[in-house]
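In what follows, a structure is listed as structure tokens, so that the remarks can point back to it.
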Amino acid sequence: MHPEYVSRPRVERHLRAAVERTPLTLLHAPLGSGKTAAAATAFDDLPETVWMEAHPWHAGAFVAELVDAVRNVRPEFGRMTLGALEAGAPVAHVAATFARELTHIDAPLLLVLDNVHVFEEATDFSRFVDTAVAALPAGVGILAMGRSLPDLALGKTFALGKAQILPSEFLAFDAQDVGALARHFGRDVDDAEIASILQTTEGWAAGVSLALTAQRMFLTRELLSGLDRRDVAFLEQIAVFETIDVDMLERSDEFADARERVAHLRRNGGLLTDIGKERYRLHPVLRQLAEDALENKGDLAGAHRAAAVAYARAGEIGAALFHAEKGRDPDTVAQLLRNHALAAIATGDRRRLRTLANTIDPDSKDASVRWYVDGLLEKARGSAETRAFFTRASDTADRSGDATTAFAARAQIIELDIGHTLHIDEMALAELTQRADTAGLPAMVTARVLRGWSRAVSHDFAGALAELSLVPALADPATRFNTDILKAYADTALGEVERAQETLDALTRLLENDDRIVLQTLTLVWFARLALLWGNTVVASDVAAQAERLASALDLRAEEAALYVALAEIATHQGDVAASVRYAERARSRADRAWYAGDVARVRAFAEIALARAAFLGHDNAIACELVERAVAGGGFPPVQRAVALTESAFYTLLSDATASARPIAAAREAVASATPLDAADAVALATADDLLSFLDAANGVVHEPGLRGCEPFEKLLERRRGLVTLGHAGVAVGSARRGSTESSVPFDTALEVLVRDGPRFEARLARAYASTFLKPKPSSTTVAFSVDLTARELEILELLVEGLTNKEIAQRLVVSPRTIETHVERVLGKLEVGSRSRAIAKALRLGIVKLV
């Protein structure tokens, strides 16, 4: 039992019995009724009780706080929930994910949500509870308590007996309770006094407490005048805090003596309830007295401003935003947003953030902060006005001498310009780097990464890697993601495939046990896209499948265009008609969401290419030709994708009519020769189209004249993909058969087997279909022989990995040490010949070693 509260067995039995009846129990009781104390004495000593005290700033951002509360009992809980939250998933999806993750907690669990009246008008909280309660696993319950209750749409839940509302009458004190509380306060009261107290207070807990402590001057106005002057001042300062956290307070200069003041108050009668970990709660009546005193002196807003600063220094940005809003001081707001704008966006409480930004006078010295925050909010919405806001912020910051905002706004502008493939002025990059030199390590990393991407966009991949070489090795996941993705792309473009794969494997492993599951998913999307450039469709398929599972679980939409176009391409390589169509249509519908402007048109174009490929795979070459002709004629096809479409259409035409004229081939050759690659993906696509044309030329006895231009920066990558055997070699074998020189398909089959050594390739399917007219090639293999000898324990751990458990969660489930699990996981990765848990999961599912439940 909590030492600050008095046990009331009757009330505790009532509460325990109630929460065992239904998954959701609602307790509506007024201030001072003793509901918090009753729940504390009933459940606080139970190891599987999670306690979340809601504060006003949680109204717009409560999920992270709830996850943190659960982690007090299960430290590894909530990665997927936080990921869905970060991805901007609808609240119902986040709630369903939260409930699903609770299934990993085997022991019974009770979530006590106190002060839920702060969510009275928070529709997101109501939707969250409605969805979560419907999906809670057996053994998990919620007790929600407050002075009022949110508007919960639980009609069906009540009808099914999954929810109940407790009347507050059971909380009323009886004579036995009054006697126990009196003894707790060191009072000796007789039956007559107890009866009198009950009559005057009607058993109201706060009233009973007031009556029993009046002789000691607790909770009276005289208390404030009778205490030490510094204690009174401290009480007034902390009156605006929902919880008194000594460690947090001491980080602020205004509360430097917080520890001493708290100890002094507790010795001298200030009613501070110890709630653990050097955190205290001020009695609500005393708190109200202190707030009244502050308001009478006109200092209440100032206390909120001090609280905003204290919370910001402690990194609790949601609370800082709440108090800044109450503080009504534009200077405090500007300083808070100047230093913590990105963290403020991450809270998800964008309504409050916009409200705060609007308090800054557009003609003031801090106007740049307002425009910068507006830019971030517009960026989150995907608005076309984003750059204009950042430009305005940058210009205004320069005029007012706000170096912090000027740097942040310029960095955002350069990032946007890179994403839209606009030319980045070298002077702008140099200036950003110069500004970063005096702005600290995070700014320096930002500047170097942006310089690196600018080099990469300009095809200076060695220069991009040189920029990254100046960034110190940092363990921060977000920084590692930004640097390692660029490094993997630059290495890929330079043909250093093994190095790129090692980088991505290491990054994936770093993120697999971290809360940054969104970054993990984005890493897997990049991994799949780069693996396709390497020509390794097996690896691409594995990591893309895992990325799709995570993206679906998170409802992640930011990278859907890139993910679905990769999945569509993989499906065409694998010959899966249904998947090709499904993913192509999804890619086409999400094309506008592509961050990289060059991808918008490319995604749409490749979706059309994939649909034509699906028709070919379904043995309808005429439809395939028609789809390509219609798409290309419609315009909007980037030159590289047009070249690819026309090259593949030449095959569809020849397969429909072997006597067709050379016009389709000539059109394809002209398209290839006139296209210039935008990046490595374009270069690989063009080179593949040229390879297909070389196959047709060789098959027809024509000397192939390579038509590629602009691919020189990617030559090492293209050489690696070509290897020693090309489609041209396969075409020579077909040409020999056409001339009657041989009927053997062995040279052709051998060439194709080399080409698909890292997984099936669509171009090999085209070549095989064309060759079948002249010889009988061996059917392509659709399976990859692979055996793995896992022990029973290793198989069990692999199955838990597929369920989504982290190493520590698996250790908790199997009651072994995390180090033991790490050893088993390493053995599983080694036997599966993969570099990360994500790839192990995907490979295990692909090979049927384990199955999704």
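Under 5 Å from the amide H of Trp51 lie the amide H atoms of Val112, each residue being 5 or more positions distant or on a separate chain, with H modelled from the backbone and absent for Pro and chain starts. Using heavy atoms of the protein chains and a probe of 1.4 Å, the accessible area assigned to Thr508 is about 0 Å².
Hey, what angle do you get for helix 317-327 against the long axis of the chain, alpha-carbon based, 0 to 90 degrees rounded to 10? For 317-327 against the chain, the angle is about 50 degrees. When all protein chains stay in place and ligands, DNA and RNA are ignored, the 1.4 Å accessible-area order of Trp204, Trp371, Trp526, largest first, is Trp204, Trp526, Trp371.
For Leu109, the residues 5 or more places off, or on other chains, whose built amide H falls under 5 Å of its own are Val140, Gly141. Phi-derived couplings, Karplus 6.51 cos²θ - 1.76 cosθ + 1.60 at θ = phi - 60°, listed residue by residue for the stretch 672-686: 5, 5, 9, 8, 10, x, 7, 7, 5, 4, 5, 4, 5, 4, 5 Hz, with x used for Gly and Pro. Across the stretch 705-742, the residues whose backbone nitrogen lies under 17 Å from the label position 7 Å along the beta-carbon direction of Thr676 are 707-715.
Rounded to the nearest 20, the size of the Cβ-charge dipole of the stretch 405-512 about its Cα centre is 220 debye, with Lys and Arg at +1 and Asp and Glu at -1. Helix 621-633 axis versus longest C-alpha principal axis of the chain: approximately 70°, rounded to the nearest ten. Which percent of the accessible heavy-atom area of the chain goes to carbon and sulfur, probe 1.4 angstrom? Carbon-and-sulfur percentage of accessible area, whole number: 52.
With an 8 Å cut-off on Cα pairs and a minimum separation of 6 or more residues, tell me the relative contact order of the stretch 394-516 in percent. Present the calculation step by step, with values, prior to reporting the outcome.
Numbers: 107 pairs, mean separation 19.9, N = 123.
Value for the stretch 394-516: 16 percent.
Helix 386-400 and the longest principal axis of the C-alpha atoms of the chain enclose an angle of approximately 60°. Legend: residues Trp453, Trp534, sorted from most to least accessible area (1.4 Å probe; ligands, DNA and RNA excluded), read Trp453, Trp534. The slack in the chain from Arg630 to Asp188, taken as 0.36 nm per residue of separation less the alpha-carbon distance, amounts to 149.7 nm.
About its Cα centre, the stretch 706-752 has a charge dipole of approximately 100 debye under the convention of +1 per Lys or Arg Cβ and -1 per Asp or Glu Cβ, with nothing else charged.
To the nearest 20 debye, what is the magnitude of the charge dipole of the chain about its Cα centre, counting +1 on the Cβ of each Lys and Arg and -1 on the Cβ of each Asp and Glu? Walk me through the intermediate numbers first.
Details: 95 positive and 117 negative charges, 330 e Å.
In debye, rounded to 20, the chain gives about 1580.
In this model, which of Lys776/Lys831; Lys162/Lys326; Lys808/Lys843; Lys716/Lys778; Lys776/Lys851 are farther than 27 Å apart at the alpha-carbon? Please report the intermediate quantities before stating the final value.
Working: Lys776/Lys831 38 Å; Lys162/Lys326 38 Å; Lys808/Lys843 22 Å; Lys716/Lys778 31 Å; Lys776/Lys851 37 Å.
With Cα atoms farther than 27 Å apart: Lys776/Lys831; Lys162/Lys326; Lys716/Lys778; Lys776/Lys851.
Rolling a 1.4 Å probe over the protein heavy atoms leaves Arg630 with an accessible area of roughly 140 Å². Neighbours of Thr25 by Cβ distance under 11 Å: Lys/Arg scored +1, Asp/Glu scored -1, total +2. Residues in the stretch 27-32 carry Karplus couplings, in order, of 10, 9, 8, x, 4, x Hz; the curve used is 6.51 cos²θ - 1.76 cosθ + 1.60 with θ = phi - 60°, and Gly or Pro positions show x. Across the chain, the mean sequence separation of Cα contacts (distance under 8 Å, 6 or more residues apart), normalised by length, yields a relative contact order of 8 percent.
What accessible area per residue, rounded to a whole number of Å², is obtained for the chain using a probe radius of 1.4 Å?
Values: 36630 Å² over 853 residues.
Dividing the accessible area of the chain by its residue count gives 43 Å².
Computed on the Cα trace of the chain, the radius of gyration divided by the Kirkwood hydrodynamic radius gives Rg/Rh = 1.07. Helical runs (DSSP H, four residues minimum) scored at -39500 (n - 2.57) apiece and divided by the length of the chain put the mean residue ellipticity at 222 nm at -20000 deg cm²/dmol. Rounded to the nearest 0.05, the FRET efficiency derived from the C-beta distance between Asp592 and Glu385 at R0 = 25 Å is 0.95.
What ranking of Phe43, Phe481, Phe389 comes out by heavy-atom accessible area, probe 1.4 Å, highest first?
On the way: Phe43 5, Phe481 30, Phe389 55 Å².
Ranking Phe43, Phe481, Phe389 by accessible area, largest first, yields Phe389, Phe481, Phe43.
Between Glu712 and Lys831, the contour length at 0.36 nm per residue exceeds the alpha carbon distance by 38.9 nm.
Each DSSP beta bridge with both residues in the chain is either parallel or antiparallel, and the antiparallel ones are about 25%.
Extension gain, Arg354-Ala92: 0.36 nm per intervening residue step, less the Cα-Cα distance, totals 91.9 nm.
Legend: calculated FRET efficiency, Ala666 to Glu796, from the Cβ-Cβ distance at R0 = 60 Å, rounded to 0.05, equals 0.50. Across the stretch 15-87, Cα-Cα pairs more than 14 Å apart make up 70 percent of the total.
The values are calculated or read from the model by the stated rules, or taken from the named source; none is laboratory data. Since we're looking at a predicted model, the values are computed, not measured. Note that we place each Cβ from the backbone using ideal geometry, even for glycine, and neighbour counts take in every protein chain shown. What goes into the accessible areas is simple: the full protein's heavy atoms, side chains included, and nothing from ligands, DNA or RNA. Shrake-Rupley method; radii C 1.70, N 1.55, O 1.52, S 1.80 Å.
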